[in-house]
Amino acid sequence: MPVVVEGYKELIQKLNAFEPDLNKQMKIEIKAAMLPIRDKARGYAPSPFPSTLYGWADKGKVRAQPQFNTEGKVRKFPLYNPAEVIAGIKYKAGANKKTRYGFSALYSVINTSAAGAIYETAGRKSGSNGQPWVGPKGNGKDVSRSRNPQAGAIFINHFGPMYGKDLMRGRLIFRAWNESQGKAQDAVVHAIEKAARRFNERATQSSFALAA
């Protein structure tokens with residue numbers, strides 16, 4: 001779940017300018033809280049890939065791949081390679097690209113592989129029946145052009161359930177985050193609050209020293 005901490009940007013600026021050791025320690029503690037989420041999410045990535053979706057597996061052979069449309073660009077549908085999906089689940093420190101809602105995550109566990117992102121969220125928006133079917137010659141956005149009208153439902157339902165709530169649901173990262181029961185979130189907030197408290201304590205002590 002996203003956590004909004006008021007005054008965080010100003011705190012980082014002050015830590016970098018006056019107390020870089022506190023900033024370094026805070027980052028160490030935040031990373032320690034987030035890495036278990038990353039590692040647990042990696043453990044939920046199917047490896048080897050389940051036989052029920054054998055046709056989606058990357059078998060290391062050059063072959064024709066189905067096409068899909070993303071923002072007006074036709075691309076090959078990514079095949080599932082367990083090693084790539086697992087390695088693609090990463091911890092990232094530093095601002096991500098802003099979302100359409102204007103938020104940018106400073107510390108996050110992200111899914112960098114296309115196949116991993118598909119496995120994570122397939123069916124979250126469209127439901128268990130998949131996108132509306134229009135057939136190979138159909139038109140429209142966010143629709144299925146498969147020859148099989150049930151292809152979307154078959155594809156999604158072989159993945160198993162998602163964990164979490166609403167748009168914060170998934171099978172890998174969101175599952176690991178949901179199962180942490182807020183422990184990682186609490187640890188991150190605690191690390192930030194501790195850094196802020198120690199900064200204020202040092203600032204107060206310095207003021208007394210100057211006054212003396």
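Some notes on this structure:
- Residues in the range 126-184 that are outside any loop (DSSP other than H, G, I, E, B), of a type in the set (Lys, Arg) and under 14 Å from the mean Cα position of the chain (by Cα): ARG169, ARG175.
- Tally, over the range 32-57, of residues that are surrounded by fewer than 17 Cβ atoms within 10 Å (Cβ to Cβ), modelled with pLDDT under 95 and not polar (S, T, N, Q): 5
The values are calculated or read from the model by the stated rules, or taken from the named source; none is laboratory data. In this text the structure is predicted, and so the values were computed from the model without any measurement. In this analysis, Cβ positions are derived from the backbone assuming ideal geometry, glycine residues included, and neighbour counts consider all displayed protein chains.
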